[in-house]
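Below: the structure, in C-alpha cells.
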Amino acid sequence: MSDPVLRVEKLVAGYVRDLPILWEVDLKLNAGSMTVIIGPNGAGKSTLIKAIAGIVPVHSGLIQVEGRSLLGMRPDQMSRHGLAYVPQTDNIFRKLTIRQNLDLVLRPLSLRQREERREVLLVRFPTLREKQEIRAGALSGGQRQMLAIAMALAGEPRILLMDEPSAGLSPKVAQEVLEQAHALTSQGVSVLLVEQNVKQALRFADYCYLLADGRNQLSGPATTILQSPLIGEIYLGGNRIPEVAS
C-alpha cells in the first residue's frame, strides 16, 4: 500500500476553542482509494471533514497532504494543494444553468482551456450534458449532486472531500452517486466522504473509520467493517470498541 496522500493525527477541532468536537482523531487516506467516515448522529463526522477542508478551526494536531501541512489555510487556498470539497447543502448555484455553474468555477482558465475542461466534465456526466442549458434548481437531487461533484472536479483535484453526498436521495440514486465517487479512484482521485448510508458506502469504499463522541472508535478495511456484527450495536448504543487491525 502506498504512503497516504492525506494524514490526520491527534486532531482536536471545533467551533469554540474550549469546547472541541473532535478529540485526537487519526485518519489516513491512501492514493487512488475511497475512504468513508461513518458513525452515529453527533459523532463529529462532518466536523472532521470540514476541519480538513479548512472550515472548522483546528486547535491542535496535524493535517498533511503529501507531507505539507494544511493548518491555518483558508478554504479557498485548499485547491492549490489538490483538495476539493463538496458540502452537503448549498453546493451549486440554483439560479444558474448547468453550463453557467461550470463556467463559474472554470473562470481562472483561458477560454480555450475552459471549453476543453467543460467538455471533459460533461463527457464524464452525460446527464448534465443533456441538460446543460437548464437551471440547476430544476434538477433532481441526484443530478444536483452530480453537478456539485463536476464543479469540484473542475480544478482537477487529487483529493475529493464529500459530506454526505447521498443524503436525501432514493437508494437507487444514492448508489449512482456513490458509484460515480468510486469511479474517480480509477482516475487517480482519492476520495474521502462522510456517509449515513452505511451499507451502500461500505460496498464501494476501500477503508472505513467509525467515529463516536468525537473520537476514533473503529477502523479497518470496508469489507471487514461491512461484515462486522458490531455495526448495529454501535449505532444503537454508541459502544466503544477496540480498533480493528488493518
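The values are calculated or read from the model by the stated rules, or taken from the named source; none is laboratory data. All values reported here derive from a predicted model rather than from experimental measurement. Cβ sites come from the backbone with ideal geometry, for glycine too, and all protein chains shown count toward neighbours. Heads up: the accessible areas ignore ligands, DNA and RNA and are worked out on the full protein's heavy atoms, side chains in. Shrake-Rupley method; radii C 1.70, N 1.55, O 1.52, S 1.80 Å.
Which trypsin sites (Lys or Arg not before Pro) does the range 3-94 hold that lie in a coil by DSSP with at most 11 other beta carbons within 10 Å? All intermediate terms of the calculation are to be shown ahead of the outcome.
Working: sites: Arg7, Lys10, Arg17, Lys28, Lys45, Lys50, Arg68, Arg80, Arg94; in loops: Arg17, Arg94.
In loop regions of the range 3-94 (DSSP not H, G, I, E or B), the sparsely surrounded trypsin sites (Lys or Arg not before Pro) are Arg17.
Quick one: what does P(r) look like for the range 65-203 with 5 Å bins over all Cα pairs, in whole %?
Bins of 5 Å from zero give 2, 10, 20, 23, 22, 14, 7, 2, 0 percent of pairs.
Would you please name the chymotrypsin sites (Phe, Trp or Tyr not before Pro) within the range 1-92 that are DSSP coil residues with at most 16 other C-beta atoms within 10 Å of their C-beta?
Tyr15
Using just the C-alpha positions of the range 29-109 as equal point scatterers, what log10 of I(q)/I(0) does the Debye formula give at each q in 0.14, 0.25 1/Å?
Computed log10 I(q)/I(0) values: -0.63, -1.33.
Measuring with a 1.4 Å probe in the full set of protein chains, what accessible area per residue, in whole Å², belongs to the chain?
49 Å²
Run the accessible area of the range 1-104 with a 1.4 Å probe and give the carbon-and-sulfur part as a rounded percent. Before the final figure, lay out each step's value.
Numbers: 2550 of 5130 Å².
Of the solvent-accessible surface of the range 1-104, carbon and sulfur hold 50 percent.
Check the chain and count each lysine pair with an alpha-carbon distance under 26 angstrom, considering only pairs eight or more places apart or from different chains.
Within the chain, the lysine pair count is 13.
May I ask for the Kirkwood hydrodynamic radius of the range 1-70, worked out over all distinct Cα pairs and given in angstroms to one decimal?
Result for the range 1-70 stands at 12.4 Å.
Apply 1/(1 + (r/R0)^6) to the Cβ-Cβ distance of Gln113 and Arg17, taking R0 = 35 Å, and write down the FRET efficiency to the nearest 0.05.
Details: r = 42 Å, r/R0 = 1.21.
Calculated value: 0.25.
Quick check on the chain: helices-only [θ] at 222 nm, where DSSP H runs of length 4 and up contribute -39,500 (n - 2.57) each and the sum goes over total residues. Nearest 500, please.
After summing the helix terms and dividing by residue count, I get -9500 deg cm²/dmol.
Looking at the range 103-155, which GluC sites (Glu not before Pro) are in a loop (DSSP not H, G, I, E or B) and have at most 13 other Cβ atoms within 10 Å?
Glu133
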